[in-house]
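Here, each number is a calculation from the coordinates, and none is a lab measurement. Predicted model, so just to flag it, every value in this text is computed and none were measured. For neighbour counting, all protein chains shown are included, and Cβ atoms are generated from backbone atoms with ideal geometry for every residue, glycine included.
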Amino acid sequence: MAKDKTQAASVAETPSKPKASRGKSKEEAGKDGISLTGRIDQAKEFFDQAKGELKKVTWPTREETVKTGIAVLVFSVVMAIYLGVVDMALSRLVALILS
């Protein structure tokens, strides 16, 4: 099993050669010299490589996601309360100074 992953990784990491346009003339190819079919081939290659990279990602478990989500919510509430208290204190201080 580990050998299969190693072989798959080495195949996925091998850079591919850019594909040449399919014999289109310069006029048919457009300004940069790449034909429509060449652009489609490039897009297919890009999405194939992106799919391969997404398979390599170690995604968090549901439990990890819930825990970190709760931590973010708690931190946000604590910071909101703190900033609210500081804002109220400074507002009263300015009002006291100006009165």
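Worth pointing out:
- Every residue from the range 56-71 that is surrounded by 10 or more Cβ atoms within 10 Å (Cβ to Cβ) and in a helix (DSSP H, G or I): Lys56, Glu64, Thr65, Val66, Lys67, Thr68, Gly69, Ile70, Ala71
- Hits in the range 72-99 (condition: of a type in the set (Val, Ile, Thr) and not in a helix (DSSP H, G or I)): none
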